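Q: Sharing a structure, written as structure tokens. Questions coming.
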Number of protein chains: 2
Amino acid sequence: MGEQVSYNTSEAIETSTTGIQLYYFEKEVFDLIQQSSMPDRDRTKLFAQLARFNVLYMVASAGSGHLGSSFSSLDIVSWLYLNVLKSEDRYFSSKGHDSPGLYAIQTALGIIPFEKIHAFRKIGGLPGHPDVSTPGAHTNTGSLGMGVSKAKGFLIADDLYGNKSKGRIFVLTGDGELQEGQFWESLVTASRRRDGRLTIIVDHNKVQSDTYVSAVSDLGDLEAKFLAFGWDTVRCDGHDYLALEQLLISQAPDGRPRVIIADTIKGNGVSFMEHTSMGDEQEYYSYHSGAPSLEDYQNACEELLRDIKNRCSDNDIKLPKPNVLSIELGKASENSERMIPAYSEAILMEARRDSKIVALDADLVLDTGLIPFKEEFPERYIECGIAEQDMVSQAGTIALNGLIPVVHSFSCFLTSRASEQIYNNCTEKTKIIYVGSLAGLLPSGPGHSHQSLRDITAMSAMPGITIIEPANARQVKSALQWAVSSNSGSTYLRLTSIPYESFDSNVLGEDMVEGRGEVIFGDSNEIIIVAVGPIMTNIAISIAKKMSSQGYLIQVICTTWLNRIDIDWYKQILEGTKVIMTLENHYMERGFGSWFIGELSVANIESACRSQAIGIDSIPACGAADEVLEHHGMDDESLVERLTILCDKFSVSVKEP
Amino acid sequence: MGEQVSYNTSEAIETSTTGIQLYYFEKEVFDLIQQSSMPDRDRTKLFAQLARFNVLYMVASAGSGHLGSSFSSLDIVSWLYLNVLKSEDRYFSSKGHDSPGLYAIQTALGIIPFEKIHAFRKIGGLPGHPDVSTPGAHTNTGSLGMGVSKAKGFLIADDLYGNKSKGRIFVLTGDGELQEGQFWESLVTASRRRDGRLTIIVDHNKVQSDTYVSAVSDLGDLEAKFLAFGWDTVRCDGHDYLALEQLLISQAPDGRPRVIIADTIKGNGVSFMEHTSMGDEQEYYSYHSGAPSLEDYQNACEELLRDIKNRCSDNDIKLPKPNVLSIELGKASENSERMIPAYSEAILMEARRDSKIVALDADLVLDTGLIPFKEEFPERYIECGIAEQDMVSQAGTIALNGLIPVVHSFSCFLTSRASEQIYNNCTEKTKIIYVGSLAGLLPSGPGHSHQSLRDITAMSAMPGITIIEPANARQVKSALQWAVSSNSGSTYLRLTSIPYESFDSNVLGEDMVEGRGEVIFGDSNEIIIVAVGPIMTNIAISIAKKMSSQGYLIQVICTTWLNRIDIDWYKQILEGTKVIMTLENHYMERGFGSWFIGELSVANIESACRSQAIGIDSIPACGAADEVLEHHGMDDESLVERLTILCDKFSVSVKEP
């Protein structure tokens, strides 16, 4: 795939006005390196550099992915795969987001078919976070802190299957990850093992999502902690193969599990991506997640190429040229809008108005839009680290003391990891605002660990919480204002993080009337689509336009209320309606639609019996947005078909002009 | 309240054939002690002994409650309240179940109106676990591990309210509680404080729910752990006031938070209840939770009385007699059945049949019915300690390795604390059986932290999990067998822990046909009640009998399937049905009923539009079973009324004979 081009270091990466060139090394190059007679350390280092080059390729071609952590762990993982792991051993990463690094190694070694390198975060390709459906993946990770628990499960099962081989298990963790409570839960029973089979390596790269671990929540004396928990504890430079070699081969004399604290450099291998290159004034690290800019990509490639070339020539290896792939650059829509910047402004506005507002976050200050808040109100910004349970319980007593805590994380983690803590807060009947971003099927690159499709359900059983999903930037501000000033109880705001087409709302000036929706397309209500959230509302408008032009009498209602309904308003709106379809960016099972239809039923609104709830009905696929929507039957064509079938079923037809 | 009776030590407790006498000391006795000129230590010890006497009273009169932990912590908490706490300070217990001990102290001091002592675990009285609606309760606890997080929230709020007093916060924890991951999450940011305001006291009584902490999941070097986490760490005998006094008054010189590891005796104060009196062969501690036997109550009272009398006479205090309350003993129903023993047998049977079955538990081996399993298959019993997240993730990889893990805890904790871990397992598409006991509104003594009313909702959004709620012992066995042998995917079994009336099921021999129910009462389906679970099914039968005798044509269907529906079967069953009422032991919001009615709607079963889902619609009340059912409108009378109204609404009337 791709074509060979002549190049020299300064002209390595070509560009055009509409596309870019991306480069990768073929498997044969890795084979060549493997077959060489270089000393292990040199070979492994060169292998790792080639892997870094392919990591850049994967992340750039996918448009997303985690560079910093892939690079910081690549030396360790390369050493493991090339020099340590036997066939009966298992390696996996507990943090999961360093998957590009792992894939680069596994494709290079033929554990994964090499061509998959072109399908990172593509449907049917390599998922954003590890999934057992991928060759070489032992378990699913991506939600932090589970690694040692999972290792113990493998060991327990091995013990019970007396005749199985007794391979070793190596688990890589992040360092920010060690803020998660489950990790410390899991160390305890593990510490009693004496079979020498379990080794953790902490990729201690000092930087978590956006900034230094020490700034977010300093890990303190990590060695003392592990020793106190009964683990054999050693430490080394994670880029020093001599040290790593010794510590990975050996075991504690009494066979207790070992933790290797490996001091690494986030972004290691590309000078300007290394966290050690950050200026003293620079607070935020730029290469945790996300594709690099074109300029950064080019510079990174050039730097790696230079180093690779040098190593090859030092070892008399004839390095083939990298292959090239040309890709089109996506064009941003002109009408594109994003919720998180709107939320950033909204919470700042509310905080200026009401000094009781306090914002809590769990290491996602950039993604949750809180940087402006943090900078203006540093004393009211509570950074909790990757510790959602701790964060939510702190919010509980902050609220008991009369302040208004606003709690932030990704929907997938906030409503799931801290479910019990949210419930405990609810039983105190205080007022807390929970804000979950990254909600829904998209972005679909990260994979199911991050695609939040069950948060509506999870929050719906929390007594007293009103669930709101704004569909545009305007509604984000109205919703937050309502939550702060109008709602005496608690609120959960569900926010979409990717860009979407903006649309007009609140034409009638009736924003935030509890339990109502808004008609945003169409005049005749013979067929009604009730949509929630920006992605689905836009899709609803799109299919309504299509079907309208075919002659169907169709209306779109967008509602922001996911567990409140003004039944009288709907009675009136649905008078004469023949069929109803609901559309949500969530699992169908006990999500918005099934609840909504149930509510219409018990209110004796008979069109409920001619309705259908549409949502996601299987574990979400990982891939690019369009292919994932299609995979789940949520693309325009599929939805038009499904709605047409529903209309046919109840004899609702196009109207002659 | 009660009457004074003459007594001597051997005749202190009178009995009759239908009732028992319970004894307590009036507030005036405590006042007398407080006003005496005894040295602080003697006074506090005597106060604590009197409090223990009232703890016994409360637990015996409620029929449930936690003696062991109340007794082990009473000396510490008495000292705090009598000698340390200032008005601006806060004390609360993170474990929460030592509430009787706290109430005994707080009623004695007038913080809580004294008469509430007669209303422990009664509606409107003192809840089984602390709730902020009770005077003197700072926050809700009962679900372990939240205490330090909550303390931090108070401190943060105090900091932001610059003008508030800077009182100290004392948090008591259990020791088994320290197995919970959230606890270790919470220590980290707390360790950076330098205001000397935060003190934890670990009630290190060495025994958790059923047995020794060291057997469940040894805490290892606890001091080293706390020191490694940056806390000022000290240790003392938790019954030695001299030591406690020093450590509670003082602070770490640099103001960092302090943890006092207090070595205590579970059940301290009553010789045979003290864990140190357990024989070497004795594995299980008998006084963690539950009311004492009559004999134990009498002996405990006599022993405490003796000690109290001695202390009084040593200090020239004229001790008044305790007051007496006569209570009737409840009679167990003759037709009474319990699910957990049935489950015990069922899992043993399955395990003998299939060697792949492994049972995991989180310190609830007695309550989950696993003692027989553990004794017969010790190598297949995995005790995880109070660490649900860790347990569930271990189950995940045990399943990946081809075994069949069966995971146990209370529904309230299993589906809530480990929500994210269950989901992660689901994405691996393995087969795991989750078993939640203590499901539903009853028992209602413990309070909302334990009454699980949201587990159906929580599990319904887990892809691939089938949710089953057996309604009798027979169905427990069928359900487990189905989960093990017929279901290729994962299952969640929801079990009731209290006794209920047994009823016949599977008359037609069609047990466990997926998605169907069973008609268990009535012939004519004009009015249909669909009930789930033993409590609600019995209630449904009861109200159906009542309304039937009034002339209504009414049928009861019991279904075990909470998220699977055989719509064709229901179409046939509901043919001619005029109204439907569903009845569940769960929140109404996105529970069974609302889902069920929604499913009927989208299948165009028009009686769905003449239906009502009945469940719990507010935070569950704490109290005795009957009063709590009535409080929630789930008593017979209320339900007959609600169903009658529904019938009237849709013109369904009694039939003339």
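Q: Do we have any residue at all in the range A:434-455 that's at pLDDT below 95 and part of a loop (DSSP other than H, G, I, E, B)? It would help to see each step written out before you state the result.
A: We begin by selecting, within the range A:434-455, every residue at pLDDT below 95; these are none.
No, the range A:434-455 has no match at all.
Q: Also, I was wondering about something else. Of the residues that sit in the range A:272-293 and are surrounded by 14 or more Cβ atoms within 10 Å (Cβ to Cβ) and of a type in the set (Ser, Thr, Tyr), which one is modelled with the lowest pLDDT?
A: If we take residues in the range A:272-293 being surrounded by 14 or more Cβ atoms within 10 Å (Cβ to Cβ) and of a type in the set (Ser, Thr, Tyr), then A:Tyr284 is modelled with the lowest pLDDT.
Q: For B:Thr139, only one of the following conditions fails: (1) more than 8 Å from every other protein chain (Cβ to nearest Cβ); (2) touching a Ser or Thr at 6+ places or on another chain (Cβ under 9 Å); (3) modelled with pLDDT of 95 or more. What is its number?
A: (1)
Q: Sticking with this one: Test A:Ser638 against the criterion of being surrounded by fewer than 21 Cβ atoms within 10 Å (Cβ to Cβ), away from chain B (no Cβ under 14 Å), at negative phi and small (Gly, Ala, Ser), and give yes or no.
A: Yes.
Q: Consider A:Asp195 against the criteria (1) in a loop (DSSP other than H, G, I, E, B); (2) within 21 Å of A:His138 (Cβ to Cβ); (3) open to solvent by less than 20 Å² (accessible area, probe 1.4 Å): it satisfies all of them except one. Which criterion is unmet?
A: (3)
Q: Additional query: Looking at the range B:475-487, which of the residues that are in a helix (DSSP H, G or I) and among the polar types (S, T, N, Q) is surrounded by the most Cβ atoms within 10 Å (Cβ to Cβ)?
A: B:Gln475
Q: Which of the residues spanning the range B:213-232 are part of a helix (DSSP H, G or I), closer than 30 Å to B:Thr368 by Cα and of a type outside the set (Gly, Ala, Ser)?
A: B:Val213, B:Val216, B:Leu222, listed by residue number.
Q: Say we look at the range A:218-251 and pick out the residues that are surrounded by 17 or more Cβ atoms within 10 Å (Cβ to Cβ) and polar (S, T, N, Q); which of these is nearest to A:Tyr91 (Cα to Cα)?
A: Checked the range A:218-251; the qualifying residue nearest to A:Tyr91 (Cα to Cα) is A:Gln251.
Q: Only one residue in A:His97, A:His129 is closer than 28 Å to A:Ala157 by Cα, away from chain B (no Cβ under 14 Å) and not aliphatic (A, V, I, L, M), so which one is that?
A: A:His97
Q: Same structure again: From (1) of a type in the set (D, E, K, R); (2) in contact with a helix residue (DSSP H, G or I) (Cβ under 6 Å, 6 or more places away or on another chain); (3) open to solvent by 50 Å² or more (accessible area, probe 1.4 Å), pick out the condition that doesn't hold for A:Asp203.
A: Just one mismatch for A:Asp203, condition (3).
Q: Out of everything in the range B:430-441 that is open to solvent by 10 Å² or more (accessible area, probe 1.4 Å) and more than 11 Å from chain A (Cβ to nearest Cβ), what residue ends up being nearest to B:Tyr343 (Cα to Cα)?
A: B:Leu438
Q: For the subset of the range A:314-371 comprising residues that are open to solvent by 20 Å² or more (accessible area, probe 1.4 Å) and of a type in the set (Asp, Glu), which member is modelled with the lowest pLDDT?
A: This residue is A:Glu334.
Q: Then there's this: Taking the criterion of being at the interface with chain A (Cβ under 9 Å from one of its Cβ atoms), in a loop (DSSP other than H, G, I, E, B) and surrounded by fewer than 24 Cβ atoms within 10 Å (Cβ to Cβ), would at least one residue in the range B:412-429 satisfy it?
A: Yes, the range B:412-429 contains a residue that is at the interface with chain A (Cβ under 9 Å from one of its Cβ atoms), in a loop (DSSP other than H, G, I, E, B) and surrounded by fewer than 24 Cβ atoms within 10 Å (Cβ to Cβ).
Q: Let me spell it out: the conditions are (1) in a loop (DSSP other than H, G, I, E, B); (2) surrounded by fewer than 22 Cβ atoms within 10 Å (Cβ to Cβ), and A:Arg590 meets all of them except one. Which number is the exception?
A: So A:Arg590 meets the others, but not (2).
Q: Among the β-branched types (Val, Ile, Thr), open to solvent by 50 Å² or more (accessible area, probe 1.4 Å) and either under 21 Å from B:Phe272 (Cα atoms) or at pLDDT 95 or above (or both): which single residue out of B:Ile111, B:Ile13, B:Ile117, B:Ile105 fits that description?
A: After applying the criteria, what remains is B:Ile111.
Q: For the list (1) at negative phi; (2) in a loop (DSSP other than H, G, I, E, B); (3) within 12 Å of chain A (Cβ to nearest Cβ), I need the number of the one condition that B:Asp210 fails.
A: Among (1) at negative phi; (2) in a loop (DSSP other than H, G, I, E, B); (3) within 12 Å of chain A (Cβ to nearest Cβ), the lone unmet condition for B:Asp210 is (3).
Q: Restricting attention to the range B:418-475, report how many residues are touching a strand residue (DSSP E or B) at 6+ places or on another chain (Cβ under 9 Å) and among the hydroxyl-bearing types (Ser, Thr, Tyr).
A: 7
Q: Being more than 8 Å from chain B (Cβ to nearest Cβ) and modelled with pLDDT of 95 or more is the filter here; which residues of the range A:577-592 pass it?
A: Of everything in the range A:577-592, those that are more than 8 Å from chain B (Cβ to nearest Cβ) and modelled with pLDDT of 95 or more turn out to be A:Thr577, A:Lys578, A:Val579, A:Ile580, A:Met581, A:Thr582, A:Leu583, A:Glu584, A:Asn585, A:His586, A:Phe592.
Q: Could I ask something else about it? Test of understanding: among B:Ser393, B:Ser460, which residue is at the interface with another protein chain (Cβ under 10 Å from one of its Cβ atoms), under 27 Å from B:Glu518 (Cβ atoms), open to solvent by less than 10 Å² (accessible area, probe 1.4 Å) and not hydrophobic (A, V, I, L, M, F, W, C)?
A: Only one candidate passes the filter, namely B:Ser460.
Q: In this structure, is A:Ile557 buried (at least 22 other Cβ atoms within 10 Å of the Cβ), away from chain B (no Cβ under 14 Å) and assigned to a helix (DSSP H, G or I)?
A: Considered against the rule, which asks whether it is buried (at least 22 other Cβ atoms within 10 Å of the Cβ), away from chain B (no Cβ under 14 Å) and assigned to a helix (DSSP H, G or I), A:Ile557 comes out as no.
Q: Then there's this: Would you be able to tell me the number of residues in the range A:120-169 that are farther than 25 Å from A:Trp184 by Cβ and touching a helix residue (DSSP H, G or I) at 6+ places or on another chain (Cβ under 9 Å)?
A: The number of residues fulfilling the criteria is 20.
Q: Output the residues belonging to the range A:142-151 that are touching a strand residue (DSSP E or B) at 6+ places or on another chain (Cβ under 8 Å) and within 7 Å of another protein chain (Cβ to nearest Cβ).
A: A:Lys150
Q: Sticking with this structure for a sec: Looking at (1) open to solvent by 10 Å² or more (accessible area, probe 1.4 Å); (2) over 14 Å from the mean Cα position of the chain (by Cα); (3) of a type in the set (A, V, I, L, M, F, W, C); (4) closer than 25 Å to B:Met512 by Cα, find the lone condition where B:Ile382 falls short.
A: (4)
Q: If you scan the range B:287-302, which residues turn out to be assigned to a loop (DSSP other than H, G, I, E, B) and among the hydroxyl-bearing types (Ser, Thr, Tyr)?
A: Passing the criteria: B:Tyr287, B:Ser289, B:Ser293.
Q: Taking the range B:463-474, which residues are open to solvent by 10 Å² or more (accessible area, probe 1.4 Å) and more than 11 Å from chain A (Cβ to nearest Cβ)?
A: B:Ala473, B:Arg474
Q: Ok, one more. Would you please name the residue that is modelled with the lowest pLDDT, looking only at residues in the range B:157-192 that are open to solvent by 20 Å² or more (accessible area, probe 1.4 Å) and either in contact with a Cys (Cβ under 6 Å, 6 or more places away or on another chain) or more than 9 Å from chain A (Cβ to nearest Cβ) (or both)?
A: B:Asn163
Q: Quick one: count up the residues across the range A:246-286 that are in a helix (DSSP H, G or I) and closer than 22 Å to A:Asp195 by Cβ.
A: Looking only at that region, the number is 4.
Q: Residues in the range B:488-496: is at least one surrounded by 24 or more Cβ atoms within 10 Å (Cβ to Cβ), touching a residue at least 40 places away in the same chain (Cβ under 8 Å) and part of a loop (DSSP other than H, G, I, E, B)?
A: Checked the range B:488-496: at least one residue is surrounded by 24 or more Cβ atoms within 10 Å (Cβ to Cβ), touching a residue at least 40 places away in the same chain (Cβ under 8 Å) and part of a loop (DSSP other than H, G, I, E, B).
The values are calculated or read from the model by the stated rules, or taken from the named source; none is laboratory data. Not measured: the values here are computed from a predicted model. Counting neighbours? That spans all protein chains shown, and the Cβs are built from the backbone with ideal geometry, glycine included. Areas reflect the complete protein model, heavy atoms only, side chains present, ligands, DNA and RNA absent. Shrake-Rupley method; radii C 1.70, N 1.55, O 1.52, S 1.80 Å.
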